[in-house]
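Here the structure comes first, spelled out in structure tokens, and everything after it is commentary.
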């Protein structure tokens, strides 16, 4: 084995644990927190739009339009670098959570809204015949069914978010990709280190894909009953 290959193997061996540690300490918590808050936002926005609650419906539509129509990277820069110019200063991790949560909320709200609208109109009519209001029908009859429909696409969003967290490196969050950049700056081996980071992301996403398949199978059995 050449000296160069020995050096590369040593670099990869030494960098694996720091990359994995950064993934566990920052990437995973950032993903979970952002997805949790994002789903909460998504549910609120979707319900406001479905129930056509004025004037909040207008605000919800404007929010979704803005977030879906602008790059996530730009949104992160506005939150972290732009807001201090008007006196609002947030640390990097908080900025990242806010940015990712708003993104998940906008896209997730469309998933949930679509899932609600996929439920047969006969369900609404039956609930109305029983004397339920639209809000009661949504809560007791429509949402339990819509959640099962929404789980697969929301799971995909969660997996995508794991990869999107690499953008947090641009606003100085010490997540896995930024650690890879720091090690690369010292070792001058970008190909191997970025490939190693990609492999760790792949491991995380593969595990989540297995969990997603199990969840879909479980809810599929419930729907078949």
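The values are calculated or read from the model by the stated rules, or taken from the named source; none is laboratory data. This structure is a prediction, so every number in the text was calculated from the model and none was measured. Positions of Cβ are generated from backbone atoms using ideal geometry, with glycine treated the same way; all protein chains shown enter the neighbour counts.
List of remarks:
- Every residue from segment 134-168 that is more than 24 Å from the chain's Cα centre (by Cα) and without any contact (Cβ under 8 Å) to a residue 12 or more places away in the chain: 136, 139
- Search result, residues across segment 183-205 that are under 25 Å from the mean Cα position of the chain (by Cα), over 22 Å from residue 155 (Cα atoms) and surrounded by fewer than 17 Cβ atoms within 10 Å (Cβ to Cβ): 194, 195
- Selected residue [at pLDDT below 95, out of contact with any helix residue (DSSP H, G or I) (no Cβ under 7 Å at 6 or more places or on another chain), surrounded by fewer than 19 Cβ atoms within 10 Å (Cβ to Cβ) and under 27 Å from residue 191 (Cα atoms)] from 24, 53, 32, 8: 24
- Scanning segment 56-77 for residues that are touching a helix residue (DSSP H, G or I) at 6+ places or on another chain (Cβ under 9 Å) and over 12 Å from residue 170 (Cβ atoms) turns up 56, 57, 59, 60, 61, 63, 64, 65, 66, 67, 68, 70.
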